[in-house]
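The values are calculated or read from the model by the stated rules, or taken from the named source; none is laboratory data. Here the structure is a predicted model, which means the values were calculated and not measured. As a convention, Cβ positions derive from the backbone with ideal geometry for all residues, glycine included, and neighbour counts pool all protein chains shown.
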Amino acid sequence: MNVLMITAGAGGMLCGSCLRDNTLARELMTRGHRVTLVPLYTPTRTDEQNVSAPKVFFGGISVYLEQRAGLFRRTPAWLDRLWDSPVVLRAATRRVIRTEPRLLGEMTVSMLKGEHGRQRKEVDKLMAFLRAEPAPDVVVLPNSLLIALAGPLKRALGRPVICTLQGEDLFLEGLREPCRSQALALIREQVADVDVFVAVSDYCAAFMGDYLAIPPEKMRVAPIGITLDGYPDAPAPAGDRFTVGYFARVCPEKGLHALAEAYCEMRRHGGLPPCRLEAAGWMSPEHAGYLEGVERRLREAGLGSEFAYRGVLDRAAKIEYLGGLSVMCVPSIYTEPKGMYLLEAMACGTPVVQPRAGAFPEIVGRTGGGVLVEPGNAAELAAALRSLALEPERAREMGRRGMAGVREYYSAARMADRAMEIFAETAGNFARSPSQHRSVKVH
C-alpha cells in the first residue's frame, strides 16, 4: 500500500505525537509498504531512526510571517526556501520561542481556514508537491488541527483522508476566546471532509467523538505502540534503593509538582528502605522556574539531596534510566489520551502508578503493569508508592506483567496491524463509493 502521512514537527521537543507517527511509518516501511512521512512546521525529532522526508512544508517561520504581515503572503518561492530550510528551522527552534496555545489563537484559526486563511500560499505549495508524487492509497493527517487540509488533499489527489486524534483538546482548551470557539466551530464544520478518524485510545475515541461532533460510524481506534528494539528481555535486578521516577515533559500539566508532594508525604512515614526521586524529560526554558519550585519544595521538606533532574535522554539512556527505576509515575493533571511513557517504562519491567483517568485505566487494565489512584489525591498516591516500596516482590511481579503486556498489546507491530486494517478498509470503501460522493482530482 502507498501511504501519505503528514506529521507536525514540534521544534526541539521530543513530542509523543511525532514519536508515534514516526514509529508507525517506520514499521510500515519495514513491511514493504511505500510510506511518505511529510513534516510540517519544523523537522521532527525522534529517539529512533527518523524516516520523515527532508523537506518541511508550512515552515514555522513562513507560517508566522504570513500571519503577521501581508507582504509575506506574496513572496516568491525562492525567498521562502531560505527560511523554510531544515537548517534555518532547526536554528530557530533552539531559541526561546513562546508557543503557549493562548498566544497562538489567531494563527490557529487562520490555519483552520486553510485555503481561505493567511497561509493559503503554504496550502498551494504542498498540493503542488503532492500532485507530482505517485498517488497514495490513503492520506493520513496527524491531528484535527490540520483538518483544513482534508478538502484540498481530496481534490488534489482524489484519495480518502484519515485524521488521527491524539489529544489536541489540551491545545484547543488553552486558546483564548473568541479563538477557542472559532477554532472548534471550524473543525466541526470540516468533519465531513474526513473519511475516517483514528483515535489512539478508547478514551480518546469516546471523548473526541463528543468534543468534535464526529459521527460514530467515522470513528476507529488504533492504540499506540512502541518500537521494542533495545529494550531488555527481563526486568533489571532489584537494587537496595527504592527509586521513584518521572519521565515526561517537565511542565505543570504533567504533574511533577504533584509527584514531589506525594513523595514528601510518603517520606514522612518511617520504615522505608533508602529512597530517591528522579525526573527526566524535555523542558522548555520557560519552565525552568517551575522546576526550581519543585526543587525548593523538596529542599523545604529536607529531601533536596534525594532528587535529581536528568534532562533529555537519548534512546539508550532512556531505556537504562527507566529500567533502573523501582516505579514510574507521571501524575498528569489533565486527561491523557496516549500515555506513551507508561509503555516505555513497562517495556523495561518497571511498574507504574498513575491517576485513574484518560487512557491510563485501559493501558494498566490490559497490561496489569501498574496501580491506579484517584486523580489529584496526594495521600492516595503516596500510599500506593509506599505499598510498592514495602512489597518489592509484588512490584516486581507487576513489572513482569507490564513487560509482557506491552509486548502483547502495545508494540509497534500491533499498532501497524490495526492501522493497516483501517487503511485498507478506508481505501476499499472509498473505491466503492458512488462518484458523486468522491472529490474530483484537480491538476
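Among the residues of the stretch 137-178, the ones that are in contact with an Asp or Glu (Cβ under 8 Å, 6 or more places away or on another chain) and at pLDDT below 95 come to 3 in all. Contact map, the stretch 227-249: first residue under 24 Å from residue 49 (Cα atoms), second residue among the basic types (Lys, Arg) and surrounded by 13 or more Cβ atoms within 10 Å (Cβ to Cβ), Cβ cut-off under 7 Å, separation 6 or more or different chains; pairs are 228/407; 230/315; 248/254. Anything in the stretch 101-150 that is small (Gly, Ala, Ser), over 26 Å from residue 177 (Cβ atoms) and either in a helix (DSSP H, G or I) or without any contact (Cβ under 8 Å) to a residue 40 or more places away in the chain (or both)? List them, or say none. Within the stretch 101-150, 128, 132 qualify. The residue that is farthest from residue 31 (Cα to Cα), counting only those in the stretch 396-438 that are modelled with pLDDT of 95 or more and outside any helix (DSSP H, G or I), is 410. Scanning the stretch 151-188 for residues that are surrounded by 22 or more Cβ atoms within 10 Å (Cβ to Cβ) and part of a loop (DSSP other than H, G, I, E, B) yields a total of 6. When each of 432, 386 is tested for being over 29 Å from residue 217 (Cα atoms) and either in contact with a His (Cβ under 8 Å, 6 or more places away or on another chain) or not assigned by TED's automatic domain parsing to the domain that holds residue 247 (or both), the lone residue that passes is 386.
Screening the stretch 352-371 for residues that are in contact with a helix residue (DSSP H, G or I) (Cβ under 6 Å, 6 or more places away or on another chain) and charged (D, E, K, R) and picking the one that is surrounded by the fewest Cβ atoms within 10 Å (Cβ to Cβ) gives 366. Evaluated against (1) touching a Lys or Arg at 6+ places or on another chain (Cβ under 9 Å); (2) free of Cβ contacts under 8 Å to residues at least 12 places away in the same chain, residue 420 falls short on exactly one condition, (2). The residues of the stretch 314-331 that are in contact (Cβ under 8 Å) with a residue 40 or more places away in the chain and surrounded by fewer than 21 Cβ atoms within 10 Å (Cβ to Cβ), listed by number, are 314, 315, 316, 319, 323, 324. Scanning the stretch 266-294 for residues being out of contact with any His (no Cβ under 9 Å at 6 or more places or on another chain), surrounded by fewer than 18 Cβ atoms within 10 Å (Cβ to Cβ) and either in contact (Cβ under 8 Å) with a residue 12 or more places away in the chain or of a type in the set (Lys, Arg) (or both) gives a total of 10.
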